[in-house]
Amino acid sequence: MYIPEHFKETNSERISALIEGNSFGMLVTAPDGVPFVSHLPFIFDHAAGSKGKLLCHMARANPQWQHFSSYGEVLAVFQGPHAYVSPSWYSSPGVPTWNYAVVHLRGKPRIIESESELEALVERLTHVYESHMLSPWQPNLAGERRTKLLNMIVGFEIEITNIQAKFKLSQNRPPEDQQSVVEKLGQSSNQTEVAVATLMSDVLDAEF
């Protein structure tokens, strides 16, 4: 990923927050040079290993998991909030652009072979994504249903080897232009644009 120095994000807490807040990511492999992408919900365990681990599962019918044994690394992409920025918001000349935040994680995948480990992964994913529900659903896997459901998926973990984060949030503009962009986006009825304004405030305030 192309990252000019002023857009490079290295703060581990902000990176983790972006992944956890936008955990439905893209898993990219390129068997024989042809890109293949799956859109999947992940858990980012930032405390595991030297750079963290991603945990996930996919349908066994999805051929992507078969790429894992043939290729050394995979790429996971997590897109945060993004918004169009008009040059009319600047006090000095500019051009139309887009503000956004994105994290790329490269790592080595490992298929989870153990049935008990796979079941634990399903339960963990369910807990994470059901935790905000008023009446959280429970897997309650047992008997033939348990065997059937677990056989329908492939669980895996990715040991992260490289982290790239790009938070393009008007850091290359004068402070008055940055503030104007925050104000304009913050007044929007679009919640994604408001999220960009909030992120800009957090990141830009931390720089001063």
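As I understand it, the value is the acute angle between the Cα axis of helix 191-206 and the longest principal axis of the Cα atoms of the chain; what does it come to in degrees, rounded to 10?
Its long axis makes an angle of about 70 degrees.
So if we plug the beta-carbon distance of residue 127 and residue 189 into 1/(1 + (r/R0)^6) with R0 = 35 Å, what FRET efficiency do we get, rounded to 0.05? List each step's numbers first, then the result.
On the way: r = 34 Å, r/R0 = 0.97.
Between residue 127 and residue 189 the formula returns 0.55.
Compute a Gaussian network model of the chain, connecting alpha carbons closer than 10 Å, and tell me which residue from 73, 113, 157 fluctuates the most.
Of the options given, 113 has the highest mean-square fluctuation.
Calculate the dipole size of the chain relative to its Cα centre from +1 charges on Lys and Arg beta carbons and -1 charges on Asp and Glu beta carbons; express the result in debye to the nearest 20.
Taking the Cα centre of the chain as origin, the dipole is about 420 debye.
Quick check of the Kirkwood formula: for the stretch 109-208, what is the inverse mean of 1/r over all pairs of different Cα atoms, in Å?
Numbers: mean 1/r = 0.0561 Å⁻¹.
The Cα-based Kirkwood calculation yields 17.8 Å.
In nm, to one decimal, how far is the modelled label at residue 6 from the one at residue 67, with both set 7 Å along Cα→Cβ?
If labels sit at residue 6 and residue 67, their model points lie 3.5 nm apart.
Which residue fluctuates the most in the chain, going by a Gaussian network model with Cα springs under 10 Å, if the choices are 130, 159, 20?
Evaluated over the chain, the most mobile residue of the options is 130.
Compute the helix-to-body angle for 175-186: its Cα long axis versus the longest principal axis of the chain, expressed 0 to 90° and rounded to tens.
60
Could you work out Rg/(2.2 N^0.38 Å) for the stretch 3-67, with Rg from alpha carbons only? Walk me through the intermediate numbers first.
Values: Rg = 14.2 Å, N = 65, 2.2 N^0.38 = 10.7 Å.
Ratio of Rg to 2.2 N^0.38 Å for the stretch 3-67: 1.32.
At residue 142 and residue 32, where each label point lies 7 Å from the Cα along Cα→Cβ, what is the point-to-point distance in nanometres?
Label-label distance for residue 142 and residue 32, simple model: 4.7 nm.
Using a Gaussian network for the chain with springs between C-alpha atoms less than 10 Å apart, which of these wobbles most: 55, 141, 150?
Maximum among the listed residues: 141.
Given the options 100, 191, 126, identify the residue whose Cα lies farthest towards the positive end of the charge dipole of the stretch 74-208 (+1 on Cβ of Lys, Arg; -1 on Cβ of Asp, Glu).
Of the listed residues, the answer is 100.
Modelled label-to-label distance, residue 79 and residue 205, 7 Å Cα→beta-carbon offset: nm?
According to this spin-label approximation, the distance is 2.8 nm.
Tell me the mean residue ellipticity at 222 nm calculated for the chain from its helices only (DSSP H runs of n ≥ 4, each -39500 (n - 2.57), averaged over every residue, nearest 500). It would help to have the intermediate numbers written out before the result.
On the way: 5 runs with 63 residues, N = 208.
About -9500 deg cm²/dmol.
Compare the Cα positions of 62, 156, 3 along the charge dipole of the chain (+1 at Cβ of Lys, Arg; -1 at Cβ of Asp, Glu; about the Cα centre) and return the one farthest towards the positive end.
Among 62, 156, 3, the one farthest towards the positive end of the dipole of the chain is 62.
We did not get these values from a lab; they are worked out from the coordinates using the rules stated. Computed from a predicted model, the values in this text were never measured in an experiment. Note that each Cβ is placed from the backbone with ideal geometry, even for glycine, and that neighbours are counted across all protein chains shown.
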